[in-house]
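As structure tokens, the structure follows; a few thoughts come after it.
The values are calculated or read from the model by the stated rules, or taken from the named source; none is laboratory data. Model, not experiment: these values are computed from the prediction. A quick note on method: Cβ atoms are made from the backbone with ideal geometry, for glycine too, and the neighbour counts reach across all protein chains shown. Side chains are part of the model used for accessible areas, which takes the heavy atoms of the whole protein and leaves out ligands, DNA and RNA. Shrake-Rupley method; radii C 1.70, N 1.55, O 1.52, S 1.80 Å.
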Amino acid sequence: EIHIKEPIEKEVNPHLLPGELLLCEASTVYKYIQEDGSNRGTYGKLVCTNFKIAFLDDDSTSDDNEPQFKNKIVGENDITLQCVDQIYGVYDEKKKLLTGQLRKYPEKLIIYCKDLRVFNFCLRYTKEEEVKRIVSGIVHHSQTPKLLKRLFLFSYASAAPNNTDGRNQTVMFDTLEDWRDELERTKGNVKYKAVTTNEGYRVSEKLPLYFVVPICVSEESILKYEGRGIPIWCWSCHNGAALLKMSAFPKEQDDSASQMQKAFLDGIYKTISKPPYELLKTDDLSSSLPSLQDIQTAYTRFKQLFLIDNSTDFWATDVKWFSLLESTNWLEIIRRVLRKAIEVAECLERQHTNVLLIEESATDLCCVISSLVQVMMDSYSRTKSGFQSLIQKEWVVGGHGFLDRCNHLHKSDKEEAPVFLLLLNCVWQLVQQYPPAFEFTETYLTVLSDSLYVPIFSTFFFNSQHQKDTNTRGEGLKTQSSPFRFLTVWDWSVQFDPKAQAFLNNPLYAEKPKPDKSQRKTTRFKHQRQLSLPLTQTKSSTKRGFFREETDHLIKNILGKRIGKFINSSDEPSNSFREFYDSWHSKPIDYHGLLLPCIDGPEIKVWAQRYLRWIPEAQLHGGGTIATTAKILDLMEEVQSLQVKMDEEHSQAISGDVHSVPLLRNSARLSSLFPFALLQRQSIKPALPTSTWKDLEDEEDLVKRDDEFVDLCGDML
């Protein structure tokens, strides 16, 4: 039974953003504390606005014990309407999914969120009229289909002051100059050109205004099939090999149309593939990678493992955790995607072969693979601004359908697929395997995934650049209203203050050393990593770029291949991948060169910070990587303070480029999932122990002794 306390009489009002309207509310709502099996909780007010669902109690307005990592837009007890996954009502201890019109109203409300939070609200002590209003309001505004212009994004853009720029050195790729600069940066301007053919979207509404194609491709070719069958440039390797993507022709065509399209493709391939000097490998991702339906099915099963209602459910699933995890197939999909990215990297780096990724729309799996390849091969994409520019180029401007894939409008579940989350999961594997290679942290990736569901940024709420441009104008030409000024998610100051932003930067990032002119003559090579086969005595070319290559090997590689119009994936020897993979992992790591993820066996892991952060049972207090990081940050803080003293003695100011080191209070007792799980109370074991709990009794005693030891040490300090 619930221990009933007198409700708080103090009036608590929600903090509303510009353009945010209060739609309905209910008082005397009891919010259960999720992490224990008891029915303890707190009374408060449950409100629904056109932006979020929020629970307000007497602690909501208190600044005491404010977390170090606080989101200024979405609070701890706030759920944006786009973040709501499913809503269940409890009727006589039975759960029922709530959709559409309700005939009977539940006594308990359970909200499952897309960021894997679970909220339990008891409505037994709430007035009947308020229950009807709040439940109907929440279900209607978060679950029913809506028009694009009804998103809070537009309300906020029209009401919020336009006082933020928010580019933060992120290249937006919305101008021709941005594309030309990227071509120059990657030395791709020799063979490729930025085109303005799609200005006014006269080629296709799915393509961006500006994009890059091979120099030999004519404007007529681009216009012929609305951009289909045209290789669009993604990135150029240091050796001149390029990564391209192509939107495929529809498979169901009559013979005459198919013949014309085949002849058109043959002509296009000749512009890229000029053997023996320039080779092309095509890869149809729709046949070599899982389908979007498979990805969605796997993720739906996977996330159910982390939507835990109570401690008893957690311990019940803990017994068969590995079999449940394997049955979802999510980690296997991550492994397959990473393997594909390594295969593409091998073609570009070792075989000097252009790679053309083919997909129906070239806006889903093409985005995943092209982004991963660039993160693995281009150290610029491992900086924060570089990674953000990469997302802009390949995903936002590249035409990934965020609106449909995230199902923000709740119009069609068939289009929903966590494609962008799949990329972030793959990048996380690299971040946790090679931390010094990345300027950003896993916390950065976690808040980026959360930002998918915050509708004040335009970044993840349109299907294409055309859709954004047409909706950026006001209500219509007749009204002469000024265009909307949408925020970009890359302005992190909107969500976090400077102290919180420090958690997004990696203090252990191994920055690229600036070349020393005095050492140039004595330095034999720039990077430790050798990516070709073992060198012979043949002198390597000085114009090869970042890595030394063997000229003889290149000639043998070209002559040994079947000379044809282009190389298919099936022509590659089966052991080529393993040879390249093993060769790279047998050598020292160059954090500014090529990075290949470890994909064997248990190397592919669950992104613990994102998926386990709301489950106290899965947290290690005073343990995990944060314990190591806390010690290193303490040392770095001491070094920085000494540096300041030295600079003061020499009358020199410390450089502004040094990252501020976040101060970790009570680091000995921080959760392993910090900064999302702070000094939370340890969960109580279930009242009815599982079959394995008795076996852990001895270990529990050891843990208690360790806790006593830590507390004793804390007292002594």
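Figures for the structure shown
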{"item": "Residue in region 469-482 that is crowded, with 20+ Cβ neighbours inside 10 Å and under 27 Å from ASP181 (Cα atoms) present", "result": "no"}
{"item": "Qualifying positions in region 293-313 - under 18 Å from the mean Cα position of the chain (by Cα) and not aromatic (Phe, Trp, Tyr)", "result": "ILE295, GLN296, ALA298, THR300, LYS303"}
{"item": "ILE456 being crowded, with 20+ Cβ neighbours inside 10 Å, within 18 Å of THR80 (Cβ to Cβ) and touching a residue at least 24 places away in the same chain (Cβ under 8 Å)", "result": "yes"}
{"item": "Single residue of GLU252, GLU184, GLU220 found to be more than 25 Å from the chain's Cα centre (by Cα), within 23 Å of VAL373 (Cα to Cα) and among the acidic types (Asp, Glu)", "result": "GLU184"}
{"item": "Among (1) farther than 30 Å from LEU183 by Cα; (2) of a type in the set (Lys, Arg); (3) touching a residue at least 40 places away in the same chain (Cβ under 8 Å) - the single one ARG339 does not satisfy", "result": "(1)"}
{"item": "Residue tally, condition at positive phi and either part of a loop (DSSP other than H, G, I, E, B) or touching a Phe, Trp or Tyr at 6+ places or on another chain (Cβ under 9 Å) (or both), over region 585-623", "result": "1"}
{"item": "Residue within region 586-594 that is of a type in the set (Gly, Ala, Ser), open to solvent by 10 Å² or more (accessible area, probe 1.4 Å), farther than 27 Å from LYS114 by Cα and in contact (Cβ under 8 Å) with a residue 12 or more places away in the chain present", "result": "no"}
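Here is a yes/no grid of residues against (1) within 23 Å of TYR43 (Cβ to Cβ); (2) in contact with an Asp or Glu (Cβ under 9 Å, 6 or more places away or on another chain); (3) buried (at least 18 other Cβ atoms within 10 Å of the Cβ); (4) of a type in the set (Ser, Thr, Tyr):
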{"position": "LYS96", "(1), (2), (3), (4)": "no, no, no, no"}
{"position": "LEU102", "(1), (2), (3), (4)": "no, no, no, no"}
{"position": "LEU109", "(1), (2), (3), (4)": "yes, no, yes, no"}
{"position": "VAL118", "(1), (2), (3), (4)": "yes, yes, yes, no"}
{"position": "VAL139", "(1), (2), (3), (4)": "yes, no, yes, no"}
{"position": "LEU153", "(1), (2), (3), (4)": "no, no, yes, no"}
{"position": "TYR156", "(1), (2), (3), (4)": "no, yes, yes, yes"}
{"position": "ALA159", "(1), (2), (3), (4)": "no, yes, no, no"}
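Yes or no, residue by residue, for (1) open to solvent by less than 20 Å² (accessible area, probe 1.4 Å); (2) more than 27 Å from THR186 (Cα to Cα); (3) not in a strand (DSSP E or B):
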{"residue": "ILE230", "(1), (2), (3)": "yes, no, yes"}
{"residue": "ASN239", "(1), (2), (3)": "no, no, yes"}
{"residue": "SER258", "(1), (2), (3)": "no, yes, yes"}
{"residue": "THR271", "(1), (2), (3)": "no, no, yes"}
{"residue": "THR282", "(1), (2), (3)": "yes, no, no"}
